[in-house]
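Accompanying notes for the structure given below.
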Amino acid sequence: MTLAYSAPNTPRQPNILVRVVLGFFVFAVLLCGYIVLPPVAEWPQRMAVARQALQPDPEVTRSDLFAGEALLADAPLVTAQAVEVEARTTAQLLAELAARPALDRVRTDESNLQDTTAGVLSALGLQEPQSAPASDDPMFSMTANVLSSIRAVTGDDSAPSVPVTPENALQALVVAALREGQSDAYIDALLNEAASRGDISVPRILVTAEGRVDTTVLLASIVAEAQIAAGGQAPLVPELVEGPGVEVRVVQTATETAQHRFYTVAPGDSLGAIALMFYGNSARYDAIFNANRMILSSPDLLRVGQRLVIPQI
Amino acid sequence: MLRDVVAAVLLCLSFAASAAHAQEVRLTEDRAEAVITINGQQITIGRIQDQANQITGEFARTSRPCPPFCIHPMSAGEGVATLGELEVIAFLETKVATGEGILIDSRLPVFFQAGTIPGAVNVPFSILEAENPYRNDIMRALGATGTPDAFDFSGALDLLLFCNGPWCDQSPRAIRNLLAAGYPAAKISYYRGGMQDWLLMGLSVQTPAAEG
């Protein structure tokens, strides 16, 4: 009984020692690994730096770096903005307005051009009003309630009905300028000034290769939607697009002939403008964006000279 | 003949007396009630005619803890006029009815909904704190023009603020915030009596919650 019990136990003795040694070894390897390879969160940053150091071709380095920067910059920037908007008081806002340096890039948001256009048109009474923007901020809804009850008593329709946030300030500015009958050039200057101060944020497809706000596309969208609202035709897809930067390649295979179109980004172009040019509708930008995700990390990050594939739709 | 005349006179007198009885609790000697039209909505301000009526519930309390429910001074700020009930009614008739001013209930929405002065607008005091990132929109709705750092209040509405009464800090606080934001004191007035005194006089109360 005792023998039978101790017999299988004896060979285990060295086994435990081996395991302990192995355990230390694995721990040491993991520790070294941690020191050599940083945690996952830091990888893209280090990879971009490494890539920059390794790339011999300056052209490739620049574009790679740009894409890397954009990927890196996106997440922390968005978080920082959200926190900023939440924590900022009016007094701070005022101080910022007075002495705020111009932003490097226009502030963008998740809104799309159609919503902005619809908002402008309903504010101008050219379209059925859309539902008020939802907000989690109790102060926002409380302020909105007060605004509507003040309007109910004074009967003043020009008084604000919805509090202005960076997300809807673009709409408010455009509506005010259109009501005043301002020129396209004035609206362009107005929106770009506000955007450079960070007072408004714009849909991504309205950001040009130089980081300005493409007011031409915005106004074109408003005019097109207003025509549709008035019973006009929806814009047609242009048959043939020619012009500087447009390239058409016909590829013949045994079974079919395929036409590939390319467009080289020129100064002043936004993704919305390119979609408008090729598809007659800035809202179709996603076709171009999806076909170029390899070189375009976000619709607002076009660069002059970038060669985009223009798919057929 | 003479008896008939006396009977007729007595009859007339009794009619007059019963008519007078219906309006025995008047606003003033020469006025039973005020009928005011505000942006198409007609409101009537009169008084409870039941002479045995008494205040019950929350507004019957005499001894709220101070702080926070302390007795407030007559003035809510330099240059800010303090008004009584008749001036509140006059404000509704001359300023609110013409669109030149608004009567502001500074209390939180739940109090406003439970009962307020007819024609009042609920602008909770917290909305006027500098911490509200949307306060500039309120200022614009009140008629301020120009940019927030240099608002022009020359065309702004006249404001009359009130809250629960002389023991309530909400409207004085709102007035302090308005003044700090640059709202001219001459365009602000304060009904110190608030809901406490309004109810004590048996004046008409509007319940927005009940009206939906």
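The values are calculated or read from the model by the stated rules, or taken from the named source; none is laboratory data. Since this is a predicted model, take the numbers as computed values, not measurements. Cβ: placed from backbone, ideal geometry, glycine included. Neighbour counts: every protein chain shown. The protein model used for the area step is the full one, side chains on, heavy atoms only, and it has no ligands, DNA or RNA in it. Shrake-Rupley method; radii C 1.70, N 1.55, O 1.52, S 1.80 Å.
Computed quantities for the displayed model
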read-out	value
Matching residues, region B:89-120, being open to solvent by 40 Å² or more (accessible area, probe 1.4 Å), touching a residue at least 60 places away in the same chain (Cβ under 8 Å) and charged (D, E, K, R)	B:K95
Qualifying residue in region A:191-199 (condition: open to solvent by 40 Å² or more (accessible area, probe 1.4 Å) and modelled with pLDDT of 85 or more)	yes
Extreme residue, nearest to the other protein chains (Cβ to nearest Cβ), among residues of region B:93-120 that are assigned to a loop (DSSP other than H, G, I, E, B) and under 14 Å from B:L142 (Cβ atoms)	B:G99
All positions within region B:121-144 that are in contact (Cβ under 8 Å) with a residue 12 or more places away in the chain and not in a helix (DSSP H, G or I)	B:V121, B:N122, B:V123, B:P124, B:E129, B:A130, B:L142, B:G143, B:A144
Out of A:G211, A:G181, sole residue that is away from every other protein chain (no Cβ under 11 Å), open to solvent by less than 40 Å² (accessible area, probe 1.4 Å) and not in a helix (DSSP H, G or I)	A:G211
Residues within region A:284-296 that are open to solvent by less than 30 Å² (accessible area, probe 1.4 Å) and either of a type in the set (A, V, I, L, M) or assigned by TED's automatic domain parsing to the domain that holds A:I222 (or both), tallied	3
Answer from B:R176, B:R140 - the residue that is out of contact with any Gly (no Cβ under 6 Å at 6 or more places or on another chain), open to solvent by 30 Å² or more (accessible area, probe 1.4 Å), more than 13 Å from chain A (Cβ to nearest Cβ) and on the phi < 0 side of the Ramachandran plot	B:R176
In region A:259-283, residue farthest from the chain's Cα centre (by Cα) [restricted to those that are polar (S, T, N, Q) and surrounded by fewer than 18 Cβ atoms within 10 Å (Cβ to Cβ)]	A:Q259
Boolean, B:C163 is open to solvent by less than 30 Å² (accessible area, probe 1.4 Å), touching an Asp or Glu at 6+ places or on another chain (Cβ under 9 Å) and away from chain A (no Cβ under 11 Å)	yes
Residue check, B:S154 within 11 Å of chain A (Cβ to nearest Cβ) and surrounded by fewer than 19 Cβ atoms within 10 Å (Cβ to Cβ)	no
Checking B:Q170 against (1) under 18 Å from B:V80 (Cβ atoms); (2) within 13 Å of chain A (Cβ to nearest Cβ); (3) touching a residue at least 60 places away in the same chain (Cβ under 8 Å), the condition it does not meet	(2)
Candidate set: region B:25-38, residues that are touching a residue at least 40 places away in the same chain (Cβ under 8 Å) and assigned to a strand (DSSP E or B); chosen: the one surrounded by the fewest Cβ atoms within 10 Å (Cβ to Cβ)	B:T28
Long-range neighbours under 6 Å by Cβ, at least six apart or interchain, first residue at positive phi within region A:279-296, second surrounded by fewer than 16 Cβ atoms within 10 Å (Cβ to Cβ)	A:G280/A:L236; A:G280/A:V237; A:G280/A:P238
Options A:V237, A:V162: the member that is closer than 30 Å to B:L103 by Cβ, open to solvent by 40 Å² or more (accessible area, probe 1.4 Å), aliphatic (A, V, I, L, M) and assigned to a loop (DSSP other than H, G, I, E, B)	A:V162
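A quick yes/no check of all residues on (1) under 19 Å from B:R135 (Cβ atoms); (2) in the same structural domain as A:D109 (by TED's automatic domain parsing); (3) modelled with pLDDT under 85:
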site	(1), (2), (3)
A:R151	yes, yes, no
A:D156	yes, yes, yes
A:V162	yes, yes, yes
A:E167	yes, yes, yes
A:Q171	no, yes, yes
A:V175	no, yes, yes
A:A189	no, yes, no
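Results for (1) surrounded by fewer than 13 Cβ atoms within 10 Å (Cβ to Cβ); (2) at pLDDT below 95; (3) in contact with a Phe, Trp or Tyr (Cβ under 6 Å, 6 or more places away or on another chain); (4) within 14 Å of chain A (Cβ to nearest Cβ), shown as yes or no for each residue.
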site	(1), (2), (3), (4)
B:G40	yes, yes, no, yes
B:G46	no, no, no, no
B:A52	yes, no, no, no
B:G57	yes, yes, no, no
B:A60	yes, no, no, no
B:M74	yes, no, no, no
B:A81	no, no, no, no
B:E87	no, no, no, no
